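Peer 1: Next up is a structure, given as structure tokens.
Read-outs throughout are calculated quantities, based only on the coordinates presented, and are distinct from any laboratory measurement. Given the structure is predicted, the values throughout are model-derived calculations rather than measurements. Here the Cβ positions follow ideal geometry from the backbone for every residue, glycine too, while neighbour counts run over all protein chains shown.
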Amino acid sequence: MEIPRLKARGESSATKVDFAEYTPELLPFLGQAAAVHLEVAENLARALAAAPSLETKQGISYAASQVLATQHKLVAEIRALHADPDALMRPFAEALERYRTLATGSDWRELLLTCYLSAGMLGDFFEQLARGIGGDVGKRVATLLAADAGAEELRQLLQSAINADPQLTSSLAMWGRRLVGDTLLVARSALANVDSPGSAAHHAAEANIEPVFTELIAAHTRRMDGLGLTA
């Protein structure tokens, strides 16, 4: 199976990666994707509560509405398959809570950067997994996850915050770098058949999926660069 490389929105390229063996089952995948979007929406709600101005709050609320709209559509796909969305999301709740404690940040601007970068990285990754799943559902979900979902609004809010206080650049750049490892762990947890560290099969899996994660990091770097932050 050829999986298009992970990319920033609006780009297109392809790296041939034999990814079929690591593609998750459809329902657990939908459950995790829905849980991740709900987590992003919760974090945006926290940023909204802490934001200092009505203009900023309005922008965050718009982004949150787009994330929730995507989450609701993922839940609708689950229900269309006669499955329970809550039951499918529940197994991922504990790991996402741990991620939240690591990725909350010290103020609303760091939290907003968390939402922008993590949603971008995971959105790219889950989009490509959906394409690997295939079928009508996979195609619909891939198209859904390829949509902007408030990312441009978050980018503009972050850029405005940086322009208003250029000294933020250093701290936000450091925070953005810190997010990479923990966000990649969330992405990796979606893959099938890459457990048993130390085994020959595990090493083979790591070598096979390395180009995908390399592109994931490259897309993260492009998002950071777009804000004038050094990744």
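Peer 1: Please arrange ILE133, ILE60 by counting, for each residue, the other beta carbons lying within 10 Å of its beta carbon, fewest first.
Peer 2: Neighbour counts put them in this order, fewest first: ILE133, ILE60.
Peer 1: While we're on this one: If I model a spin label as a point 7 Å beyond the Cα along the Cα-Cβ vector, how far apart are those points for ARG100 and MET174 in nm?
Peer 2: About 2.6 nm, to one decimal.
Peer 1: Got a sec to turn the phi values of segment 131-137 into Karplus ³J(HN,Hα) couplings, 6.51 cos²θ - 1.76 cosθ + 1.60 with θ = phi - 60°, whole Hz, x for Gly and Pro?
Peer 2: 5, x, 5, x, x, 5, 5
Peer 1: Show me 161-172, 26-37 ranked by packing, highest mean number of other Cβ atoms within 10 Å first.
Peer 2: So the order, starting with the most tightly packed, is 26-37, 161-172.
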